[in-house]
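I am attaching a structure below and will ask some questions about it afterwards.
Rule-based calculations on the coordinates, nothing more; no lab input. Just so you know, these numbers come straight off a predicted model, no measurement behind them. Don't worry about glycine lacking a Cβ; one is built from the backbone with ideal geometry, like all the others, and counts go over all protein chains shown.
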Amino acid sequence: MRFSTALATLVLLAPLLTGEALGARRGKGGKGGKGGTGTSSSSAAASSSTAVNNSTVLANPGNNNNNGTGANNNNGDPQTSLTLDPAVIATGFEQDGQQIPTAGQVASLTSSNNFINFCLTVPNLPITNGKQIKTGSCNPAPLGIIAATTNMPSSKFVQPINGQDFAANTAFDIKMAINHLQTGNFVNAQANYYAAPQQVNGQGDIVGHTHFTVQDVGSVTGTTPLDPTVFAFFKGVNGAAVNGVLTETVSAGLPAGTYRVCSMNTDANHTPCLVAVAQHGFLDDCVYFTVGGAGSNNPFAGNGGGGGAGNSTATPPAASSAAAASSAAAASSAPPAASSAAAASSAAPPAASSAAAGGKKKKGGRKGGRGRRPQSARFARE
């Protein structure tokens with residue numbers, strides 16, 4: 001009797017138990033479907049993230065091992081990682097500068113990944129790779145630390161001064177006073193040219209060196225730009241300044257002529273000095289001098305110049321005086337660099353104009369038909 005009762009009860013409950021089990025199974029299936037939807041969303045998010053990352057992060061081959069630092073397979077060292085750390089992304093690079101348009105202003109190139117792959121846009125050019133490639137190249141190295149306005153370099157030639165004359169083919173010294181450049185620091189120019197970011201020392205001064213370059217200008221009144229591939233003397237000044245003054249000797253001297261000597265202040269990797277603002281005075285210096293131009297042959301004679309070799313009392317010519325006044329004004333009011341460049345250009349007469357003069361005499365100067373002689377490159381390798 002008990003067996004019959006139990007059997008009847010089981011028969012009655014079986015459909016209920018089966019339905020509950022099926023319902024439970026359907027519930028799990030529903031969750032599984034939801035999970036499937038979640039997986040699909042995750043894939044889409046991952047795809048979207050990859051698309052974003054492709055515009056902000058350099059792809060890193062191999063397995064990722066970020067260790068929470070953004071560095072891949074490099075034990076967390078961002079300086080050896082092949083990945084761009086999000087902390088150094090310059091979001092301002094995404095703006096082309098035309099939000100506030102100015103007449104004549106052009107749009108900047110833009111990037112959301114710090115231009116890390118910029119050189120891929122010029123496949124016809126080789127990577128600079130520390131070399132001096134005369135046909136041009138593309139350099140992927142970042143600019144580095146930009147010097148503050150309080151640490152912008154400045155320089156002034158002590159010798160020669162404007163209008164000074166030296167004996168022809170006789171050794172003489174070039175001397176230049178320098179501020180806010182930790183001189184005496186230069187890397188291998190054949191292997192590390194432009195190959196590293198600019199650095200500054202503990203005082204904020206750029207770590208670097210300077211160069212002296214001398215060109216025959218032909219005439220102090222010329223207006224044609226000189227050919228930068230032609231120079232009479234070039235020297236990388238590798239030594240440190242002594243009492244704030246750098247010195248190099250032109251051991252063989254120079255032939256008779258009218259010359260311009262200029263400085264080229266750079267960081268250790270030979271990159272021109274980079275400073276915090278566009279409006280500033282000239283970071284370098286240029287002066288004009290003569291060789292073998294004593295007496296009536298000296299083009300500066302009408303401006304108080306002239307005299308024998310080593311003359312240190314020559315008065316700068318009018319153009320140079322104007323440039324000096326402009327430079328002084330720049331120090332107090334910080335005019336645009338373009339203005340300084342224009343002033344430098346007007347005070348930098350080239351040789352070609354002498355040939356153009358066709359032998360006509362210029363006031364206070366020699367005959368203009370002499371033209372510029374081919375110059376031998378007397379320089380230390382750099």
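So what are the ³J(HN,Hα) numbers for the range 170-181, from phi and the Karplus equation (6.51, -1.76, 1.60; θ = phi - 60°), rounded to whole Hz, Gly and Pro as x?
Residue by residue, the range 170-181 yields 10, 4, 8, 9, 9, 10, 9, 7, 9, 10, 6, 9 Hz.
Right, another one. Using θ = phi - 60° and the Karplus relation 6.51 cos²θ - 1.76 cosθ + 1.60, list the HN-Hα couplings for the range 145-150 in order, rounded to whole Hz, with x at every Gly or Pro.
For the range 145-150, the Karplus curve yields 7, 8, 5, 5, 4, 6 Hz.
Here's something else I'd like to know. If each of Leu109 and Gln95 carries a label point 7 Å out from its Cα toward its Cβ, how far apart are those two points in nm?
Here the modelled spin labels are 2.0 nm apart.
Could you order peptides 85-98, 105-118, 150-163, 204-217 by the average number of other Cβ atoms within 10 Å of their residues, highest first?
Numbers: 85-98: 11.3, 105-118: 13.1, 150-163: 20.0, 204-217: 22.6.
Put in order of decreasing packing, that is 204-217, 150-163, 105-118, 85-98.
Taking a ≥ b ≥ c as the square roots of the Cα gyration tensor eigenvalues, with a/c under 1.5 meaning rounded and otherwise prolate when a/b beats b/c, else oblate, which class fits the range 164-300?
Since a/c reaches 1.5 and a/b is larger than b/c, the shape of the range 164-300 is classed as prolate.
So what are the ³J(HN,Hα) numbers for the range 134-144, from phi and the Karplus equation (6.51, -1.76, 1.60; θ = phi - 60°), rounded to whole Hz, Gly and Pro as x?
Per-residue couplings from phi come out as 5, 8, x, 7, 10, 9, x, 5, x, 5, x Hz.
For the range 71-124 and the range 129-174, write down the distance between their C-alpha centroids in whole Å.
If we compute the Cα centre of each part, the gap is 29 Å.
List the relative contact order of the range 88-206 as a percent without decimals, with contacts defined as Cα pairs under 8 Å and 6+ residues apart.
Numbers: 144 pairs, mean separation 32.0, N = 119.
Relative contact order here is 27 percent.
Would you please state which residues of the range 265-279 a label at Thr102 would reach in this model, taking the label point 7 Å out along Cα→Cβ and a backbone N cut-off of under 18 Å?
275-279
Let me ask something additional. Would you mind checking which residues have amide H under 5 Å from Thr83's amide H? H placed 1.01 Å from N; only 5 or more apart, or other chain.
Asn72
Say R0 is 41 Å: what FRET efficiency, to the nearest 0.05, do Val122 and Ala252 get from their beta-carbon distance?
Between Val122 and Ala252 the formula returns 0.50.
Where a Cα-Cα gap under 17 Å defines reach, which aspartates and glutamates qualify for Lys235, not counting those fewer than 8 residues away within the same chain?
Output for Lys235: Asp173, Asp216, Glu248, Asp267, Asp284, Asp285, Glu382.
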